[in-house]
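Just below is one structure, and these are the notes that go with it.
The values are calculated or read from the model by the stated rules, or taken from the named source; none is laboratory data. This structure is a prediction, so every number in the text was calculated from the model and none was measured. Counting neighbours? That spans all protein chains shown, and the Cβs are built from the backbone with ideal geometry, glycine included. Areas reflect the complete protein model, heavy atoms only, side chains present, ligands, DNA and RNA absent. Shrake-Rupley method; radii C 1.70, N 1.55, O 1.52, S 1.80 Å.
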Amino acid sequence: MNNFDKTYVTDAKFMLHGGDYNPDQWLDRPDILNDDIRLMQLAHTNAFSVGIFAWSTLEPKEGVYNFEWLDQIIDNIYKIGGRVILATPSGARPAWMSQKYPEVLRVNEYRQKQLHGGRHNHCFTSPVYREKTQKMNRMLAERYGKHPALLMWHVSNEYGGECHCDLCQEDFRNWLKEKYNNDLKALNDAWWGPFWSHTISDWSQIESPSPIGENAVHGLTLDWKRFVTDQTISFFENEIVPLREITPNIPVTTNFMADTFDLIPFQSLDYSKFAKHVDVISWDAYPAWHNDWESTADLAMKVGFIDDLYRSLKQQPFLLLESTPSLVNWHSVNKAKRPGMHLLSSLQMVAHGSDSVMYFQWRKSRGSSEKFHGAVVDHDNSPNNRVFKEVAKVGETLEKLSDVVGTNRPADVAILYDWESNWALNDAQGYGLDTKRYPQTLQEHYRTFWENDIPVDVITKEHDFSSYKLLIVPMLYLINEETIARLKEYVANGGKLVMTYISGIVNEHDLTYLGGWHPDLQEVFGINPVETDTYYPKDENRVHYNGKTYTLKDYATIIDVKGATVEGSYDQDFYAGTPAVTSHSFGKGKAYYIGGRLEHSFHEEFYSGLMEELSIKPVVSVKHGKGVSVQVRQDHEKNYIFVMNFTERQQMIFFDQPVRDVITKEELKGQVELGIYEVKIVDETR
Ligand code: GAL
């Protein structure tokens with residue numbers, strides 16, 4: 001992509017710095033609310049997400065409203081030059097609502113109705129909940145829509161989960177009727193009905209998947225997951241009706257998530273669909289920095305991957321809407337960020353395209369489950385502790401980065417991520433139970449580019465492929481005809497395409513392709529992958545490639561060559577000597593197939609060859625050691641270069657060209673020292 005135009009995702013032309021602010025927990029402490037305003041200025045903050053879980057304060061009894069406190073809060077923030085990201089409060093309900101209208105309560109997959117409590121647990125279908133939400137949102141939009149502090153809508157909070165109540169079952173059946181044009185035979189065909197006598201003879205027999213019921217019909221499971229995404233979006237769309245009507249110029253976002261323990265993209269909702277309904281992508285990032293199972297650089301690479309995926313969903317800057325300034329309260333061990341890590345991890349998000357650094361939360365709660373979650377203001381209410389000072393430093397730094405706001409990250413390389421394919425692959429009773437690891441596999445491919453300072457877009461299948469010199473499609477188990485046709489066209493027109501083992505196995509209904517690999521894929525790749533072998537954890541094979549030998553684990557594909565050039569071959573087993581890596585010219589382009597799960601050094605060798613051939617280079621040349629990441633944002637005039645030390649040792653870096661330190665304004669050239677967790681932001685005229 002070569003888009004150097006700036007895109008401002010809100011009307012703020014400065015980096016947003018602030019976070020979730022829950023004054024509704026402190027309304028009987030005006031002294032604390034006053035302190036907040038004082039401390040916000042000391043922390044160099046300027047934007048606050050307000051009212052996220054405030055429904056029981058906004059409407060303490062049905063039809064009894066209380067907005068005066070919020071008027072005051074918004075005015076006070078505005079008086080200090082701050083902006084407000086106003087939340088709709090549907091992430092949690094007041095107790096009166098669950099009591100009076102039990103239909104708003106969720107039913108789990110065991111068909112157990114949940115009690116009132118917690119949050120993020122309402123039925124997305126419930127007409128009552130939809131009506132109540134819309135009414136509340138209308139009142140918020142009417143009251144605050146013209147307030148000059150209003151910057152953006154924060155719709156609900158971290159949508160997720162699913163409900164299996166009767167209302168949802170009915171909507172699911174209607175969704176299916178529409179999808180299959182009221183044709184039950186089409187549904188039975190798609191779901192491979194006769195298997196285990198699962199043919200449906202009436203729509204009313206259809207139930208959502210359940211551990212105590214239907215759980216072996218993959219077409220059903222896949223459709224259910226699609227429905228859950230669509231139903232969540234439909235709930236969101238219902239929420240924003242009054243916001244679009246009353247405040248058409250105020251952008252709308254909802255905070256996306258990641259699955260945190262392994263730090264992979266959020267699995268349960270197809271964000272590629274959701275992205276089309278929001279104006280701004282935002283997400284909540286909680287990496288377990290300093291954990292005891294991976295290096296800081298490994299974790300940083302995974303964060304970069306998710307950033308590049310979420311940024312690419314709309315090809316524009318995104319917002320970091322939540323992060324912790326210190327620690328969380330829900331990892332297995334809640335370790336504090338070491339000195340320097342807060343600035344580094346915050347600026348990493350900016351380096352990958354965020355125009356904000358926001359926290360959960362502004363002030364630590366006094367009670368309940370989040371009282372030990374890190375916050376800008378601790379229970380000591382002091383601006384003098386380490387965490388507060390590190391936050392203020394982030395604020396001061398962001399104040400110097402206004403020119404970076406709105407800039408993009410043009411990339412020559414794309415990796416394709418697909419939520420549906422991942423769902424289907426995980427559901428597949430086949431391959432290795434613990435070794436599919438689709439998102440992690442993509443991160444492994446991404447790693448090579450991250451380590452070599454090459455910007456990558458992590459795109460989804462609807463994306464235009466044509467601008468990329470290199471498109472990497474690992475483990476795309478599920479592919480529909482349209483994607484196959486688009487990949488073919490991409491290569492025919494000159495694109496270089498890399499595909500791996502376990503790709504192109506099933507269609508959009510999770511039905512396998514028959515008669516060998518899809519003929520178009522065979523034509524493009526010049527091969528027919530005929531068998532996939534799955535390894536036990538201790539099994540290994542080797543692949544000879546380019547005069548060297550690389551270790552292979554987990555998966556090996558046995559390949560029939562139909563015109564392709566053999567680039568690498570297996571060393572052992574009954575397929576010793578047969579092709580493991582192939583290439584094939586097709587049209588003006590070339591298609592490469594990697595048959596097995598190969599170690600990182602193979603990717604380095606393989607991709608460095610392609611990078612050289614395609615002249616894919618870092619935007620700027622900075623020499624550095626391992627664990628230092630260089631990421632660039634660009635506009636028509638400048639490159640903004642973030643050099644980040646994700647290691648626990650000092651590093652020497654070397655700038656080939658003179659650059660200017662954006663923070664100190666000094667000119668830097670040649671060798672420069674980078675301390676532990678240090679980050680340098682430099683710019684150069686393009
Ligand atoms: C997020 C959530 C916040 C807060 C935070 C704690 O997932 O949106 O409300 O609970 O986690 O880390």
So for each of 302-312, 506-516, 448-458 I average, over its residues, the number of other beta carbons within 10 Å; can you give me the resulting order with the highest mean first? 302-312, 448-458, 506-516
Here P(r) for the stretch 622-685, Cα-Cα distances in 10 Å bins, as whole percents, is 24, 58, 18, 1
Residue by residue through the stretch 66-72, the couplings from Karplus 6.51 cos²θ - 1.76 cosθ + 1.60 with θ = phi - 60°, in Hz, x for Gly and Pro, are 9, 10, 4, 4, 6, 3, 4
List the lysines whose Cα lies under 22 Å from the Cα of residue 135, skipping any in the same chain that are fewer than 8 positions away. 61, 100, 146
Regarding the stretch 322-475, what whole-number volume in Å³ per residue does the convex hull of its Cα atoms give? 167
Let me cross-check residue 481: its accessible surface, 1.4 Å probe, with only protein heavy atoms counted, in Å² to the nearest 10? 100
Please work out the Cα center distance from the stretch 5-32 to the stretch 92-107, rounded to the nearest Å. 29
Mean projected area, convex hull of alpha-carbon positions in the chain, reported to one decimal in nm², is 30.5
Could you sort 331, 164 by their accessible area in this structure, using a 1.4 Å probe and putting the largest first? 331, 164
Quick one: work out the % antiparallel among DSSP beta bridges in the chain, nearest 5. 60
What is the Cα centroid distance between the stretch 626-686 and the stretch 382-414, reported in whole angstrom? 15
Helix-only CD estimate at 222 nm, as mean residue ellipticity for the chain, using -39500 (n - 2.57) per DSSP H run (n ≥ 4): -9500 deg cm²/dmol
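Take the residue pairs 488/553; 461/562; 436/623; 225/562 and return only those whose Cα atoms are more than 31 Å apart. Before the final figure, lay out each step's value.
Numbers: 488/553 29 Å; 461/562 27 Å; 436/623 35 Å; 225/562 37 Å.
Among 488/553; 461/562; 436/623; 225/562, the Cα-Cα distance tops 31 Å for 436/623; 225/562.
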What's log10 of I(q)/I(0) for the stretch 113-153 at q = 0.26 Å⁻¹, Debye sum over Cα points only, no solvent? -0.91
Accessible area of the chain belonging to carbon and sulfur atoms, whole % at 1.4 Å probe: 49
With the 1.4 Å probe rolled over protein heavy atoms, the stretch 622-685 has an accessible area per residue in Å² of 45
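So if I place +1 on the C-beta of Lys and Arg and -1 on the C-beta of Asp and Glu, and nothing else carries charge, what would the dipole magnitude of the chain be about its Cα centre? I want it in debye, nearest 20.
Magnitude of the dipole: close to 1320 debye.
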If I stretch the segment between residue 249 and residue 520 completely, what's the gain in nm (0.36 nm per residue apart, minus their alpha carbon distance), one decimal? 93.0 nm
Projected onto the charge dipole of the chain (unit charges on the beta-carbon of Lys, Arg, Asp and Glu, signs +1, +1, -1, -1), the Cα from 153, 231, 551 with the largest positive-side position is that of 153
log10 I(q)/I(0), Debye, Cα-only the stretch 413-613, no solvent, q = 0.16 Å⁻¹? -1.04
Cα centroid separation, the stretch 427-481 to the stretch 567-595 (Å): 18
